[in-house]
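A quick write-up on the structure given underneath.
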Amino acid sequence: MHFRVTLKIIGMLLMAFSASMLPSLVIALSLHDDGAESAFAISFFITFIAGFLLWLCFAKHNNVLRTRDGFVIVVMFWSILGLFGALPFYFSTPLSIVNPNWSYVDALFESLSGLTTTGATVITHLDVLPKSLLFYRQFLQWFGGMGIIVLAVAILPMLGIGGIQLYRAETPGPVKDSKLTPRITETAKQLWYIYLTLTVTCGLAYWFAGMNAFDAITHSFSTVAIGGFSTHDASLGYFNSAAIETIAIVFMLLAAVNFGLHFHTARTIRQKHYRASLLHYWKDEEFRFFLTVIAIICLITVTTLWLTNNMSFNDSFRQGVFEVVSIATTTGYATADFAQWPAMLAFLLFSAAFMGGCAGSTGGGMKVVRVLIILKQGLREIQRLIHPNAIVHVKLGSSPIPDRVAEAVWGFVSVYILVFLIMMVALLATGLDQVTAWSAVGATINNLGPGLGDVALNYGDINNTAKWILCFSMLLGRLEVFTLLVLFTPMFWRE
């Protein structure tokens, strides 16, 4: 292990992260009644100086990173990022005024929720908070959406440090060695170009649909990041606009799709193969399965609301489709309180978040491709019962899945469920009821946000011990469990 090089990289990344506080500082200074300028100024200097001192102490150390170093850097940086990202929330006087029991635990919870794109919040009275603080909160989600490490691997090679180990540790999905371009730096850059394009397009669409410029920009951040934070307590329901909700649905779905598909589509468009650019999506089995599941849940939800909830078909369709897409993609926007719907629907929507988005997307959950592989393996076992001597391959598309990948998927799902159960028991031990504990762990480990029971609206009323547990749960979900848990195994630390 190269701890000195690791700390040097953490220092550089902290200095880079401190720049994320500058736009909010500029907003606070430009608005005379904002009141949060000191919080951002203090937080910026603390973060930058801490990063600079770390870098300065180990600036002369240069070693080639190994895979284990990548895991340590990723986990350390996300943890440290949450600690320093909490500073503007903690030092904010307006925030402590509207939330009287505000503490550092709350600030850390909000910071990690933003960076991991979970969208769970402990803040109330969003509508009266300073715009600088609201912007920072939304920007954290956009920053964390694609992953700060993916951004870093586009920069670190210029500093003489290879980034492939970081990319493998950070990239979500069951197969982590695939690259869209021959060089890892180009891969990271292409992913961010696509991410930025989606963000700008989404922001413009919101603006044309009637949002003001501030709301359009900030909501484009959380939509494309699949984060779900809003600048209003009523979330997107504040706008009461079918056009805005339709735009949100489109971009939530686009952000939940594997960004590798977007990359190939952009390349075919540049080559003027327009028909092939659309067919490329439909040829992907994960994409087809994802849309099919969404469509089936939408059909069940709309029909149930229409028949049992005394709603017109138009209202049932509008609210049902939006909530299904929002929850299933793990975004967490709201135009209605789905927790008040028939219990079957609330459970169905919440369970859909366990599948989450596609591999290589900004979505949370276990990822669609893993669920698809498990279903295919289940069907193979049924076929083997009927034909014991048959050789049946599990295929994804037209390609057989290597046994190593299938084993990794089973291992991941098994650990995911086990960790979920352990953390739910831990929350029950803090005094939360069963519904609240189950949904809080599910909402955080799947990076969804809204839960059921006492956390249906926000997480501000639960005890501090539960908040610490849920902070760990958010990190587990963002790093896809194994990346974090591997550091707790003795084997990892053996030379």
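Since every read-out is calculated from the coordinates, none of them should be taken as a lab result. Bear in mind the structure is a predicted one, so any value in this text is a computation, not a measurement. Positions of Cβ are generated from backbone atoms using ideal geometry, with glycine treated the same way; all protein chains shown enter the neighbour counts.
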Read through the labelled values (1) 65, 59, 40; (2) 68, 61, 57; (3) 71, 54, 47 and report the label of the one computed as Cα extents along the principal axes in Å from the structure. (2)
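Over the Cα atoms of segment 294-382, what is the Rg over Rh ratio if Rh follows Kirkwood? Walk me through the numbers on the way to the answer.
Numbers: Rg = 14.2 Å, Rh = 13.7 Å.
Looking at segment 294-382, the ratio lands at 1.04.
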When ranked by the protection proxy of mean other Cβ atoms within 10 Å per residue, highest first, what sequence do the peptides 300-312, 221-233 form? 221-233, 300-312
Cα-based equivalent ellipsoid, segment 334-439: semi-axes from gyration tensor eigenvalues, Å: 33, 17, 15
Distance (nanometres) between label positions extended 7 Å along Cα→Cβ at F3 and N314: 6.6
Treat every Asp and Glu Cβ in segment 397-495 as -1 and every Lys and Arg Cβ as +1, leave all other atoms uncharged, and give the resulting dipole magnitude about the Cα centre to the nearest 20 debye. 140
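Work out how much length S38 to T124 would gain on full extension: take 0.36 nm times their residue separation and subtract the Cα-Cα distance, in nm to one decimal. Kindly include the intermediate steps, with their values, before the conclusion.
Numbers: separation 86, 0.36 × 86 = 30.96 nm, distance 2.14 nm.
Between S38 and T124, full extension yields 28.8 nm more.
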Any residue on another chain or 5+ positions along whose placed amide H is under 5 Å from the amide H of K395 is listed here as I401
Which of C202, G449, V5, positive extreme of dipole for the chain (C-beta unit charges): V5
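Taking the Cα centre of the chain as the origin, how large is its charge dipole in debye, to the nearest 20, when only Lys and Arg (+1) and Asp and Glu (-1) carry charge on their Cβ atoms? All intermediate terms of the calculation are to be shown ahead of the outcome.
Working: 29 positive and 27 negative charges, 427 e Å.
Here the chain has a charge dipole of around 2040 debye.
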Enumerate the calculated ³J(HN,Hα) couplings along segment 383-396 in order (Karplus 6.51 cos²θ - 1.76 cosθ + 1.60, θ = phi - 60°), each rounded to whole Hz, writing x wherever the residue is Gly or Pro. 4, 5, 5, 7, 10, x, 9, 6, 9, 10, 9, 7, 10, 10
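Between beta-carbons, use under 10 Å as the cut-off and find the net charge around A336, counting Lys and Arg +1, Asp and Glu -1.
Details: positive: R318; negative: D315, E323, D337.
Summing Lys and Arg as +1 and Asp and Glu as -1 gives -2.
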